[in-house]
1. Let me know the whole percent of all Cα-Cα pairs from segment A:279-343 that are separated by more than 18 Å.
2. If each DSSP helix of 4+ residues adds -39,500 (n - 2.57) and the sum is divided by the residues in chain A, what number results at 222 nm, nearest 500 deg cm²/dmol?
3. So what is log10(I(q)/I(0)) for segment B:334-393 at q = 0.18, 0.19 1/Å, when the Debye sum runs over its Cα atoms only?
4. Any idea what diffusion coefficient segment B:223-310 gets from Stokes-Einstein, in µm²/s, Kirkwood Rh on alpha carbon pairs, 10 °C, 1.306 mPa s?
5. Could you tell me which of A:T280, A:M346, A:L214 has its Cα farthest along the dipole of chain A towards the positive end, charges placed at Cβ (Lys, Arg +1; Asp, Glu -1), taken about the Cα centre?
6. Whole percent per 10 Å bin, from 0 to the bin with the longest distance: what is P(r) over all C-alpha pairs of the protein assembly as shown?
7. If I model a spin label as a point 7 Å beyond the Cα along the Cα-Cβ vector, how far apart are those points for B:I217 and A:T392 in nm?
8. Would you mind working out the accessible area per residue for segment A:160-251, using a 1.4 Å probe, and quoting it in Å²?
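The values are calculated or read from the model by the stated rules, or taken from the named source; none is laboratory data. For clarity, every value in this text was computed on a predicted model and none was experimentally measured. With ideal geometry, Cβ positions are generated from the backbone for all residues, glycine too; neighbour counts draw on all protein chains shown. Remember, those area values only see protein heavy atoms, side chains included, never the ligands or the DNA or RNA. Shrake-Rupley method; radii C 1.70, N 1.55, O 1.52, S 1.80 Å.
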Number of protein chains: 2
Amino acid sequence: MKLSITVVALVAASASAFSPSTGLRATPVGTALQALPEGVKPIVIGLAADSGCGKSTFMRRVTSTFGGEQCGPLGGGFGNGGWETNTLVSDMATVICLDDYHLNDRGGRKISGLTALNTAEQKFDLMYEHVKALKDGKSVMKPIYNHVNGTLDAPEKIEPTPVIIIEGLHPFVDERVRDLIDFSLYLDISPAVKLNWKIQRDMEERGHSLESILASIEARKPDFDAYIEPQKEFADYIIEVLPTDLDPEDKKTLKVRAIQKKGVPDFNPTYLFDEGSEITWTPSADKLSSPAPGIKLAYRQEQYFGNDVAVLEMDGNFDNIQELVYVESNLGNTNSKFYGEVTQAMLSLADSPGSNNGTGLMQTLAAFAIRELYNKKAATAKLAANKKVAATA
Amino acid sequence: MKLSITVVALVAASASAFSPSTGLRATPVGTALQALPEGVKPIVIGLAADSGCGKSTFMRRVTSTFGGEQCGPLGGGFGNGGWETNTLVSDMATVICLDDYHLNDRGGRKISGLTALNTAEQKFDLMYEHVKALKDGKSVMKPIYNHVNGTLDAPEKIEPTPVIIIEGLHPFVDERVRDLIDFSLYLDISPAVKLNWKIQRDMEERGHSLESILASIEARKPDFDAYIEPQKEFADYIIEVLPTDLDPEDKKTLKVRAIQKKGVPDFNPTYLFDEGSEITWTPSADKLSSPAPGIKLAYRQEQYFGNDVAVLEMDGNFDNIQELVYVESNLGNTNSKFYGEVTQAMLSLADSPGSNNGTGLMQTLAAFAIRELYNKKAATAKLAANKKVAATA
C-alpha cells in the first residue's frame, strides 16, 4: 500500500478557449521536497475557502506542524529566480491553489461574463486527473493562474509529497475529487465578519467608500451562495468565524467554532473537559487574562447537514499566548505529541493573524488532526507492507 | 489545645414562665459516645433550616460520614426504654435540635401570641452557655421540647463529642454563639419548592385544601422573613433548593446550589473541572442517564451578601446512583479519602430522600467538608500538643 499526505489544488483538463502557454517549468528551484517513500501514497487534504479569508496563515500552520526547515513557494518564488507561483512546498507537504485550474484567464471571464466563483469557470476534469496522479505518486504539469496579471502562465511541475493540500473555491464540487480527499476542511467566515474585515481593509486602510464595499459584497453573494456555500455539507472540519457574542457593540472580537464531524476514519474530534457532553467555560481570569469583552469557550454536540458533529468554540481574545497552555490542559484529543505542543505551535507563529484568538487555536488543532491522520494512515500502510514482506519470506 | 467536633443545639438559661420539669435525665441508655480525647476540643457545626426541610436526612449524611456503627436517639429513644428526645448521637457526633431552647411550651406561645420563629421565643443565653460548655469539653443538662405534646420535658445530659452540631431555626442569631461555631450551614428551600412539597404532602397525601396550605404559608412568612432568612448572611455553606430550570412545567425536579464561601479556614470549596472558572455542563447521556427533563451542572463565581462564593449547581435527577462516579470524577476538592467515596456515601443512603439529585450530592459534599474541617483542626491540635511535649522534654 502506498501512502503520503497531499494538499492538492487541481486543474481540470477540459478544453479551454484560453490555453496556457506551452513553455513548461522543468525543474523546481530552491525547493526541499520530501522524496515520497517507496510504496507510500500521499494523503490528500481539501480546504474550501473564499479569497481573503486567512487561508495562507492556515496553510502555514498546517505545513509547520509537519516540521522541516523549508517552506516556501515552489521554484523559490519569482523574486529568487523562480516563477510567479501559487504553490507552496515544504519538506512534507505541497499546497496547491485551485485558482490554477481556472478555465479562463481574466480576459476570458470578461467574455464569458461569469465570475471565478462559478463552477463553469473551473477545469474539474484536469483537477481530478492531477489529484489522482499525485495520489498515485506521479508528478503532474499544473497550469498557473497569475493573480497579478490575471493570465494563465506556463505550467509548473508538481511532485508528489506525503501530504498534498488543495485549497481554494471548489475542492468539494466534483464527486471524483471528493472521493480522493482524505480530510476536508471548510473555512467559513460569516457575512458579518467578512463585512467588518472588508470595512477595516478597504475603507479604513484603502479609503474605499462603504457604499462601494457593500455593493461589491452584494454583487458576489449570489454566486458565492450558489457555488461555494453548498460545499459545507461535504466538509469533515468546518472553522466558523463569527462576531463575538460577548458584546453586541464589538465589531472586532471573534467567536470561532470548530465543527468536527464524528465517525471520520482516523479523526477523533477535540473535546473540552469531558468527551460527548455539553459545556460552557469561562476560564479563571487569574489563569488566563483577556482584554474586554472577555473570553468564553464551549463544547457542544450538534447536527450539521444531518451529520453528528462535536463543536469546540472560543469567543474572545487572550492577552498572552503562553497562558493558552491552561486552555490546552483542559482539551482532550488535541493530537499533540507532548503536553503544551499546541501552545508551542501557537507561539511559533505568534505574529500571524489570529494567534491571540480562536482562529489560531482552531487552525492549529486542525493542523494537528491532519498530522495525526497522516501518522495513522502511514502506520497502517507500514503494517500492511510488513505483513506482505512476512508473507513473502 | 483541646479539640473535638460538636453539633450542639443550645437552650438559653433565661427565665421562663413555663419552666421544664425538674426530673433530670441521669445516664444515657444505649448510646455509644466517643470519649473526648484528652486535650481535644469539640468542633461546633451550625445548621439553620426551617422545619420539614429534610434536616434529619442531612444530619444522617453528616454523622454517617464520620463512620461508626452507632447512630440513634440519645438514651436509645422513647420506644427502647429511653425518653422522647430530639438529640441524635453517633460515635463521633451529637446533633442537638435548637427547638429544645424554646422559651415557652406550646401553651405558653398561645399566651405570648408569638410563633416559634420569633427570636423572643428562644433562650439564647442558655443556648450560648451550653455551646460554650460543650466546646470546653464539659457536659450540660439540656431541656427537651417535646414535639408530640408541645411541652418542655425534663432535661437530658449531653456529653461533649468530637463533633457537636446545632440545628434548627436560630443557630446564627446570637453573636456569641456564632463566634463558637466552626462551620455554619444554611438549608435554603425556595418558597416555590416549599409550596410544591407542602401541596404534595398536605394536599395529595393528607387531603388538605390548597387554600388552607396557601394560608398557612402566608401566615408564617412575615416571621420567617424577619427572624430566619437574615441568618443566611452568616452561613459558610448554603444549600439552595430551587425548582428546575430545565422545564417550567415540572413541579418536582429540583435545582440545587451549594453556595460555598471563600476564605473560610480549613474549608476549600468543591469545584467542577477547573477551580475559579465559570462552567455549565450537561453530562453525556451515555455516561449518566437521567429522566426528563435531563440533568445539568454548573460552577460559578458569585457574590453572596457581599462575600465571594463559589457555587456548585446540579439541576435534575439521575437514574442510577452508581453512575454518579462520572460526576464525582470531574469534581475537585471533594474532600474524599479515595476515588468514588462520594458515590459510595450516596449509595449507602440510597433510600433517603434526595439521593437521586443535587440535594443528596450537596449534602454529602457538605458532610465531607465538615469531616475534612474536623481532621484539619484535629491535626493542628495534635501538632501543637506534640510541640508542647517536645518543649517540656
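1. Details: 903 of 2080 pairs.
Above the 18 Å cut-off, segment A:279-343 has 43 percent of its Cα pairs.
2. Working: 9 runs with 106 residues, N = 393.
Value at 222 nm, helices only, nearest 500: -8500 deg cm²/dmol.
3. -0.66, -0.70
4. Translational D for this selection: 105 µm²/s.
5. Positive-end residue among those listed: A:M346.
6. Result, from short to long distances: 2, 12, 18, 17, 13, 10, 10, 8, 6, 3, 1, 0 percent.
7. My value for the distance between the label points is 8.3 nm.
8. Per-residue value: 46 Å².
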